[in-house]
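Notes to accompany the following structure.
The values are calculated or read from the model by the stated rules, or taken from the named source; none is laboratory data. All figures in this text were calculated on a predicted structure; none of them were measured in a lab. Glycine also receives a Cβ, built like all others from the backbone with ideal geometry; neighbour counts cover every protein chain displayed. Ligands, DNA and RNA are excluded from the accessible area calculation, which covers all protein heavy atoms including side chains. Shrake-Rupley method; radii C 1.70, N 1.55, O 1.52, S 1.80 Å.
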Amino acid sequence: MSQSSLHMIIDTHAHLDGEEFCSDLDEVVTRAKNVGVGKIFIPGINLSSVDSIRSVCNRYPDYCYPMFGLHPEEVRSDWQEVLSQLKAFLFPPSSKLMAIGEVGLDFYWSREFEKEQLLAFEEQVRWSIDLHLPLMIHCRKAQNELVAILRKYKANLPGGVFHCFTGNEIEARELLQFDNFVLGIGGVLTFKKSPLPQVLPKAIPLDRIVLETDCPYMAPVPHRGQRNEPAFVREVLLKLADAYQLSPEEVASITSSTVSRVFG
């Protein structure tokens, strides 16, 4: 990539507040800047992550931006109390707050708190509408239930990202029926057995995609098995450029424009 493309890449989903980055966060951010990452969005998962995310965003102002929400895997029987406390950090929203998230549904491991997850997600969808903030959505083995909830609010949804999309053409089209929603594409795109390099160009306009790492998880090839970090979003960008037969600079420009459209 040329020097002109610097500061055009946005990592829309990076858990930089995690303990995995405690010892070398400055170096991680420097490496991201060196490959052209101009902004990083940090998703919340629970109440305690509010403070850790604020700390990172204050350390790197106008570079790291917060999202707050209750992750489906963090939903328990006390979800109403947790959301009540979380709401205090959201209303009224800070001008720096990018989205409500990471929220959604996850029935991969267990359906023990299925009812609670459904109710907690729907409540946070209503927050998104009230605050006119996009949603950062996590969905695993729950697309039917997720789509059913979103359809109830379809006319009023401000938009958002279906984070870590790894599905097929039919699933992608079902999700993109919702206006101003896009797919978050990360390291899975680069995996040897991933169908995404074929699925995406055939079914999805490039302007319905944003880049992400989900670091420290899901590192792309050739870093697979390592701790993921925002600098590795470059590998996702290059693979996406190859799949769409465009230059990396064009993909960086289009995906960053999409981020501006979705997140305002």
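Observations on the structure shown:
Residue-by-condition table, conditions (1) among the charged types (D, E, K, R); (2) assigned to a helix (DSSP H, G or I):
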site: Ser194; (1), (2): no, no
site: Pro201; (1), (2): no, yes
site: Asp207; (1), (2): yes, yes
site: Val210; (1), (2): no, no
site: Gly225; (1), (2): no, no
site: Phe232; (1), (2): no, yes
site: Leu237; (1), (2): no, yes
site: Thr255; (1), (2): no, yes
site: Arg261; (1), (2): yes, yes
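- Single residue of Leu105, Leu86 found to be touching a His at 6+ places or on another chain (Cβ under 9 Å), among the hydrophobic types (A, V, I, L, M, F, W, C), surrounded by 13 or more Cβ atoms within 10 Å (Cβ to Cβ) and not in a loop (DSSP other than H, G, I, E, B): Leu105
- Qualifying residue in segment 114-131 (condition: touching a helix residue (DSSP H, G or I) at 6+ places or on another chain (Cβ under 9 Å), open to solvent by 70 Å² or more (accessible area, probe 1.4 Å) and in a loop (DSSP other than H, G, I, E, B)): no
- Cβ pairs under 9 Å, 6+ apart, first in segment 59-72 and touching a residue at least 12 places away in the same chain (Cβ under 8 Å) and of a type in the set (Lys, Arg), second surrounded by fewer than 24 Cβ atoms within 10 Å (Cβ to Cβ) and assigned to a helix (DSSP H, G or I): Arg59/Leu25; Arg59/Asp26; Arg59/Val29
- Residue ID - nearest to the chain's Cα centre (by Cα), chosen from residues in segment 191-216 that are exposed (fewer than 15 other Cβ atoms within 10 Å of the Cβ) and closer than 22 Å to Ile137 by Cβ: Asp207
- Annotation: of all residues in segment 1-26 being assigned to a helix (DSSP H, G or I) and at pLDDT 95 or above, the one that is farthest from the chain's Cα centre (by Cα) is Asp26.
- Residue within segment 60-81 that is surrounded by 13 or more Cβ atoms within 10 Å (Cβ to Cβ), at pLDDT below 95 and not in a loop (DSSP other than H, G, I, E, B) present: no
- Residue-level check: of (1) free of Cβ contacts under 8 Å to residues at least 40 places away in the same chain; (2) outside any loop (DSSP other than H, G, I, E, B); (3) in contact with a strand residue (DSSP E or B) (Cβ under 8 Å, 6 or more places away or on another chain); (4) open to solvent by 10 Å² or more (accessible area, probe 1.4 Å), Lys96 misses just (2).
- Taking each residue of segment 41-58 that is within 17 Å of His163 (Cα to Cα) and open to solvent by less than 50 Å² (accessible area, probe 1.4 Å) and looking for partners that are among the hydroxyl-bearing types (Ser, Thr, Tyr) and outside any helix (DSSP H, G or I) with beta-carbon atoms closer than 8 Å, six or more apart or interchain, yields Phe41/Thr12; Phe41/Tyr65; Ile42/Tyr65.
- Checklist (1) of a type in the set (Gly, Ala, Ser); (2) surrounded by 16 or more Cβ atoms within 10 Å (Cβ to Cβ); (3) under 20 Å from Met67 (Cα atoms) applied to Ala252, failing item: (3)
- Where Ala172 falls short, out of the listed (1) in contact (Cβ under 8 Å) with a residue 12 or more places away in the chain; (2) buried (at least 17 other Cβ atoms within 10 Å of the Cβ); (3) small (Gly, Ala, Ser); (4) more than 19 Å from Lys141 (Cα to Cα): (4)
- Complete set of residues in segment 133-169 that are part of a loop (DSSP other than H, G, I, E, B), open to solvent by less than 50 Å² (accessible area, probe 1.4 Å) and farther than 19 Å from Phe68 by Cβ: Ala142, Tyr153, Phe165, Gly167
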